[in-house]
Amino acid sequence: MKRTLAIARKEIIAYFTTPIAYVVFAAITVLGSWFFLSLLGQFQRHSFELTRMGRDDMLAHMNLTDQVMVPLVMNLALVLMMSVPFLSMRLLSEEKRQGTMELLLTTPVRPLEIVAGKYIAALAILTTALALTLSYPLLLSAFGSGDQGAVEWPTVLCGYLGLFLLGASAMAVGMFISSLTSSQIVAAFLTLMLLLLTWVVGWKAVDVEGAAREVLLYLSSTQHLISFANGMVELKDVVYYVSYMVLGLFLTHRALEGLRWAA
């Protein structure tokens with residue numbers, strides 16, 4: 001465990017001594033803020049329009065959670081999918097590029113400890129990135145109004161749980177791809193393409209029916225986020241993301257085992 005934490009600490013320091021983490025944090029914050037302000041503007045315009053029309057019945061059903069936070073979580077998911085490849089690309093490909101992978105594999109550190117340490121560090125960076133976006137519901141809670149509060153925090157936190165699981169599964173996939181190449185650019189590009197494929201695969205479901213439609217919807221990463229965004233935790237969605245995590249980490253471990261025997 002000590003060796004795992006030592007590797008995690010080393011990786012976290014490496015993230016913050018290079019521009020990668022700062023650039024990704026800035027990109028997530030800027031894009032997230034743009035989505036947040038756009039959705040908030042739409043909410044205000046819709047509210048003013050209903051007030052002008054005297055539609056108090058419809059106005060009573062409007063709330064910041066459903067009209068702002070739920071779609072914001074879905075938009076943040078896209079930002080996250082585009083950001084994770086740039087966080088995961090250096091995890092193992094950098095070791096291979098610098099020629100330190102062979103040295104690392106010949107030390108008493110086991111491949112499982114290497115994988116676990118680097119993954120823990122990646123999750124720490126992911127958590128930090130998501131924490132930056134918590135300023136949006138905090139602002140709504142501070143300046144919004146409502147009988148039960150400006151936002152429904154259980155729904156918001158459930159949505160963030162979904163975002164974390166999505167990011168964690170994407171990070172595991174990215175780390176596996178990073179273990180296959182010494183080029184960070186190649187690792188980032190392949191990870192981005194694979195993640196975007198899981199994003200758009202559900203779009204084809206409208207063209208088919210029956211079992212094929214169910215399979216396509218199940219393979220869609222966004223389809224499993226919808227329940228989380230609406231404040232519901234369903235077992236099938238948790239299993240989907242955890243399966244990607246386990247598969248990605250398992251394949252990464254096997255890739256390192258292969259390199260260890262070849263070293």
Legend entry - Close pairs from the range 22-45: first within 21 Å of residue 64 (Cα to Cα), partner at pLDDT 90 or above and of a type in the set (Phe, Trp, Tyr), Cβ under 8 Å, at least 6 apart: 32/136; 33/136; 36/136
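Assess whether residue 157 counts as being crowded, with 23+ Cβ neighbours inside 10 Å and within 19 Å of residue 63 (Cβ to Cβ). Can you show your working first?
On the way: crowded, with 23+ Cβ neighbours inside 10 Å: no; within 19 Å of residue 63 (Cβ to Cβ): yes.
No: the conditions fail for residue 157.
Which count do you get for residues in the range 149-165 that are part of a helix (DSSP H, G or I) and either on the phi > 0 side of the Ramachandran plot or in contact with a strand residue (DSSP E or B) (Cβ under 9 Å, 6 or more places away or on another chain) (or both)? If you could, list the steps in order and put the result at the bottom.
Filtering the range 149-165 down to residues part of a helix (DSSP H, G or I) leaves 153-165.
Now drop any that are not either on the phi > 0 side of the Ramachandran plot or in contact with a strand residue (DSSP E or B) (Cβ under 9 Å, 6 or more places away or on another chain) (or both), which leaves none.
Total satisfying the criteria: 0.
Could you list, in sequence order, the residues of the range 81-133 that are hydroxyl-bearing (Ser, Thr, Tyr) and under 20 Å from residue 17 (Cβ atoms)? Don't jump to the end; show me each part of the working.
Residues of the range 81-133 hydroxyl-bearing (Ser, Thr, Tyr): 83, 88, 93, 100, 106-107, 119, 127-128, 133.
Once the filter is applied, which keeps residues that are hydroxyl-bearing (Ser, Thr, Tyr) and under 20 Å from residue 17 (Cβ atoms), the range 81-133 yields 83, 88, 93, 100, 119, 127, 128.
Show me the helices (runs of 4 or more DSSP H) entirely contained within the range 195-263 in which 1 or more residues are open to solvent by 50 Å² or more (accessible area, probe 1.4 Å), touching a Leu at 6+ places or on another chain (Cβ under 9 Å) and closer than 25 Å to residue 181 by Cα.
Details: elements: 211-219, 225-229, 235-262.
Answer list for the range 195-263: 235-262.
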Inset, instruction - Tell me, yes or no, whether the range 166-183 has at least one residue that is assigned to a helix (DSSP H, G or I) and surrounded by fewer than 20 Cβ atoms within 10 Å (Cβ to Cβ). - result: no
Legend entry - Number of positions in the range 64-110 that are open to solvent by 20 Å² or more (accessible area, probe 1.4 Å) and within 15 Å of the chain's Cα centre (by Cα): 6
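The values are calculated or read from the model by the stated rules, or taken from the named source; none is laboratory data. Everything numeric here is computed off the predicted structure, so don't read it as measured data. Please note: Cβ atoms are built from the backbone with ideal geometry, for glycine as well, and neighbour counts cover all protein chains shown. Keep in mind that these areas ignore ligands, DNA and RNA; they rest on the heavy atoms of the full protein, side chains included. Shrake-Rupley method; radii C 1.70, N 1.55, O 1.52, S 1.80 Å.
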